[in-house]
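Undergrad: Once you've had a glance at the structure underneath, I'll fire off some questions.
The values are calculated or read from the model by the stated rules, or taken from the named source; none is laboratory data. It should be emphasised that the depicted structure is a prediction, and the values quoted were computed from it without experimental measurement. Quick reminder, even Gly has a Cβ in these numbers, built from the backbone with ideal geometry, and neighbours come from all protein chains shown. For the accessible areas, the whole protein counts, side chains as well, though only heavy atoms, and no ligand, DNA or RNA atoms are used. Shrake-Rupley method; radii C 1.70, N 1.55, O 1.52, S 1.80 Å.
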Amino acid sequence: MRDKELYTQILGIRSPWQVAEVELSVGTGEVKVFVEQESGAERYCPKCGAACSGYDQRRRKWRHLDTCQFKTILVADVPRVECPEHGVLTVTVPWAEPGSGFTAMFEALVIDWLKEASTLAVSRQMKLSWNAIDGIMQRAVKRGLQRRAVYAPKRIGVDETSFRKRHDYVTVVSDKAGAKVLHVADERTKESLSGYYESLSDKQKAAIESVSMDMWPAYINATLEHIPGAEEKIAFDKFHVAKYLGEAVDKVRRQEHKALLAQGWEDLKGTKHTWLRNPWNMSARQWRDFKALRQSTLKTARAWAIREFAMSLWNYVSRSWAEKGWRRWLSWAVRSRLVPVKAVAKTIKDHLWGILNAVVLKVDNGHAESINSRIKTIKMRSRGFRNKERFRNAIYFHLGGLDLYPAGIRR
Ligand SMILES: [Zn+2]
């Protein structure tokens, strides 16, 4: 008798449901709580809520949070009703979502743990199989994405990240607000990004103010095709431009170092990282030590100065001044006689429109970069993603900013 009262309280069972029986099995460390509907309780269609006549019932089980250190299983004969409009359906139970073998409270606890610990640790701690955990994660993500369906992001970024092998990519669309992931798609093709745009309503597409990205034709074309006014919204990201220029500086240095060494000069020996370091991150002493090098007549010093000039061009406010600045830079870079620098300058010239958008819209992919490094952590913590589907789900789960909990549970 006492047990029934205790479990009614612990499980939060309320009318028209009641605890019928509690069965404790010390041997297996399990407690089974049998729950039933009060006799004469009204039954309703889960779709339309109309009162219906009963059809039959089916025995179902749900794992609940352990109670008094016993693995706790809820058992109930769940009625099916016959709705004149919707046919035969299983009634909803207040403690679990349809299709789950766990109570909502149990799923919520697993979700909390997964946010803190690796899948392996959660699997051990909660005595759950990987498949069970995967199911809970999948349901959580599905719920979260459904709840977010009407959200209209304004400033988004798109970037690629590698999945497992070096040349196996996924496309990640992120929201600058809150730095959360909006969409994950296979590959890095036009279709990868188009799939995201096609999931949006016209209103949501029109709400997008900027799309920051690398100068990557697939993403450019997808955006031009789907987003109204994309010519003014595509913003080529500062970090990617900086990366290309950094690579050009490094190429110039390698070539020059080789040529100098051949003549017995070691001016550039051990300087690789000095050239690539952001001056803002140098100490006063490092900057002083760097003076002789950067003011030298070396080709590498010229490439470095060209790169630094480009980095100063992101601060303009007016489009016409920004354009003047970039044109001046382009003429310098093109006349530099440094082949790697000229190659990047050509790319920048072809994409100047989107660089100017980035300057005046004041957007960059900084948030996407931080998401990228968090994705790497997820990859490490969930070693053994057997397929992309799980990887994708984990990204949504951890970085989607989603409301993941079962209905009725708020954290
Ligand atoms: Zn109905």
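Undergrad: On full extension of the chain, what length is gained from residue 350 through residue 146, given 0.36 nm per residue of separation minus the C-alpha to C-alpha distance?
TA: Answer, rounded to one decimal: 69.4 nm.
Undergrad: So, one more: Using the alpha carbon gyration tensor of the range 48-136, what are the three equivalent-ellipsoid semi-axes (square root of 5 times each eigenvalue), largest first, in whole Å?
TA: Working: eigenvalues 201, 37, 20 Å².
Taking √(5λ) for each Cα gyration eigenvalue gives 32, 14, 10 Å.
Undergrad: Just by accessible area at a 1.4 angstrom probe, what is the order of 300, 377, 274 from largest to smallest?
TA: Final ranking, largest accessible area leading: 377, 274, 300.
Undergrad: Something else: Please list, by residue number, everything in the range 209-225 whose backbone N is under 13 Å from a paramagnetic label point 7 Å out along Cα→Cβ of residue 362.
TA: none
Undergrad: Using a Gaussian network model of the chain with C-alpha springs under 10 Å, which one of 388, 180, 238 is most mobile by mean-square fluctuation?
TA: Result: 388 has the largest fluctuation of those listed.
Undergrad: Out of the range 1-65, which trypsin sites (Lys or Arg not before Pro) are coil in DSSP terms and have no more than 11 other C-beta atoms within 10 Å?
TA: Taking the range 1-65 and a limit of 11 other Cβ atoms within 10 Å, the loop trypsin sites (Lys or Arg not before Pro) found are 14.
Undergrad: Hey, which lysines would be in cross-link range of residue 127, C-alpha to C-alpha under 19 Å, not counting anything within fewer than 8 residues on its own chain?
TA: Within the straight-line cut-off, residue 127 pairs with 32, 61, 71, 115.
Undergrad: Here is a follow-up. Would you kindly state how much longer the chain becomes between residue 221 and residue 125 on full extension, computed as 0.36 nm times their sequence separation minus their alpha carbon distance, in nm to one decimal?
TA: 29.8 nm
Undergrad: Tally the DSSP beta bridges in the chain and give the antiparallel ones as a percent, rounded to 5.
TA: Here the share of antiparallel DSSP bridges comes out near 75 percent.
Undergrad: Each label point is 7 Å from the Cα along the Cα-to-Cβ direction; what then is the distance between the points at residue 305 and residue 267, in nm?
TA: Label-label distance for residue 305 and residue 267, simple model: 1.3 nm.
Undergrad: If you don't mind, another one. Could you name the aspartates and glutamates in cross-link range of residue 233, using Cα to Cα under 15 Å and dropping any fewer than eight places away on the same chain?
TA: 175, 209, 214, 225, 364
Undergrad: Please go through the residue pairs 180/346; 180/238; 243/299 and name each one whose alpha carbons sit more than 24 Å apart in this structure.
TA: Violating the 24 Å limit, Cα to Cα: 180/346.
Undergrad: Right, something else. Taking the Cα atoms of the chain, report the difference between the largest and smallest coordinate on each principal axis, in whole Å and largest first.
TA: 95, 48, 34
Undergrad: Size of the dipole of the range 288-354 about the Cα centre, Lys and Arg at +1 and Asp and Glu at -1 on the beta carbon, nothing else charged, in debye to 20?
TA: 240 debye
Undergrad: Same structure, new question: To the nearest 10 degrees, how steep is helix 238-262 against the longest Cα principal axis of the chain, on a 0 to 90 scale?
TA: Result, in degrees: 50.
Undergrad: Considering amide H positions built from the backbone, and no H for Pro or chain starts, which residues 5 or more places from residue 96, or on another chain, come under 5 Å of its amide H?
TA: Sorted by chain and number, the residues that satisfy this are 104.
Undergrad: Search the structure for amide H atoms under 5 Å from the amide H of residue 183, placed 1.01 Å from N in the peptide plane, and list their residues when 5 or more places away or on another chain.
TA: For residue 183, whose amide H was placed from the backbone, the distant partners under 5 Å are 173.
Undergrad: Further, regarding this structure: Given H placed on each backbone N at 1.01 Å, which residues far from residue 43 in sequence or on other chains put an amide H within less than 5 Å of it?
TA: Counting only residues 5 or more places away or on other chains, the set is 52.
Undergrad: Now, a different point. What does the net charge come to around residue 18 if you take all other residues with beta carbon closer than 12 Å to its beta carbon, with K and R at +1 and D and E at -1?
TA: For residues surrounding residue 18, the net value is -2.
Undergrad: What is the extension gain from residue 312 to residue 339, computed as 0.36 nm multiplied by their sequence separation minus the C-alpha to C-alpha distance, in nm to one decimal?
TA: Gain on stretching residue 312 to residue 339: 7.5 nm.
Undergrad: For the chain, modelled as a GNM with alpha-carbon contacts under 10 angstrom, which of 51, 117, 303 fluctuates the most?
TA: Per the Cα network of the chain with a 10 Å cutoff, 51 tops the list.
Undergrad: A further question on this structure: Helix 319-334 against the longest principal axis of the chain: what's the angle in degrees, Cα atoms only, rounded to the nearest 10?
TA: It is inclined by approximately 60 degrees.
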